[in-house]
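The next block holds one structure in the form of structure tokens; read it before the comments.
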Amino acid sequence: MRRVSPLLRLLHWTSLDAVVVLVAYQWALGRWVGSDLPAAAHFFLASGIWLAYTADRLLDLAGAPELVHASPRHAFLARHRVAMTRVWLAVASGTSVLAPFLLPSRHLAAGAVFVVLATLYVAFASGAVGRRVQERSAPKSIAAVSLLTLAGAWWFLGAPGEFETVGGWVMVVFAGAAWWNLRVLGRTPRAGSVVRTLSGAPGPKTAGGRRDRIALVADGTVLAVMLVVGALAP
């Protein structure tokens, strides 16, 4: 990924860029509905999104090892699979222990529903049927955008009385931006490239350096849109 800082490479390869985008969307939504979200709302959304994205990538590699050549992100996860799996287990265990103590029961129940939905999505997307559907990306994109849009609003869905109608248009804006993001990636050819390590040294050859650069730009665009939407809240 030429001309991209090691920090941005690390954020993208570890799926933390998606976490930042979703938290920004949640923040914008909170601004428009006039709710000061507690730190726990952001923490559990960030943890859940990271767990889902990372599980999806790790299961992809486990089910189809040839995907190590799909993108620099897949190559990075393949090289650090054991370490990432350990971190994933630690985060999953930590959030499971903390949730009953930090979340009101209604938000805990809403969170549990999304955990089940995310688990079903990841299990399907990483399976043989899911990989075939992914070749016709529209069904998977629709499912992903719907799940992400609802996940960002999980705090309000756990307490419907806190959610105002104006929040609906923020969800529509995010859904549209997320759909655009996925369609941009879907139209991007997986041209060959050489993965660079975090230090900038050449790494193993893969097929997605350009794709990863475009993904970062697309994620940054969605992030900018949500920051502007939040800043425009009265």
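Taken over segment 1-15, the criterion of being outside any helix (DSSP H, G or I) and either surrounded by fewer than 22 Cβ atoms within 10 Å (Cβ to Cβ) or within 17 Å of the chain's Cα centre (by Cα) (or both) is satisfied by ARG2, ARG3, VAL4, SER5, THR14, SER15. One residue alone among ALA75, ALA24 is in contact with a His (Cβ under 8 Å, 6 or more places away or on another chain), among the aliphatic types (A, V, I, L, M) and on the phi < 0 side of the Ramachandran plot, and that residue is ALA75. What number of residues within segment 154-187 are of a type in the set (Gly, Ala, Ser), touching a helix residue (DSSP H, G or I) at 6+ places or on another chain (Cβ under 6 Å) and at pLDDT 90 or above? Count: 3. Within segment 16-59, the set of residues being assigned to a loop (DSSP other than H, G, I, E, B) and modelled with pLDDT of 90 or more comprises PRO38 only. Residues of segment 188-234 that are small (Gly, Ala, Ser), at pLDDT 50 or above and in contact with a Lys or Arg (Cβ under 6 Å, 6 or more places away or on another chain): GLY208, GLY230, ALA233.
The values are calculated or read from the model by the stated rules, or taken from the named source; none is laboratory data. Computed from a predicted model, the values in this text were never measured in an experiment. Here Cβ is always computed from backbone atoms with ideal geometry, including for glycine, and neighbour counts include all displayed protein chains.
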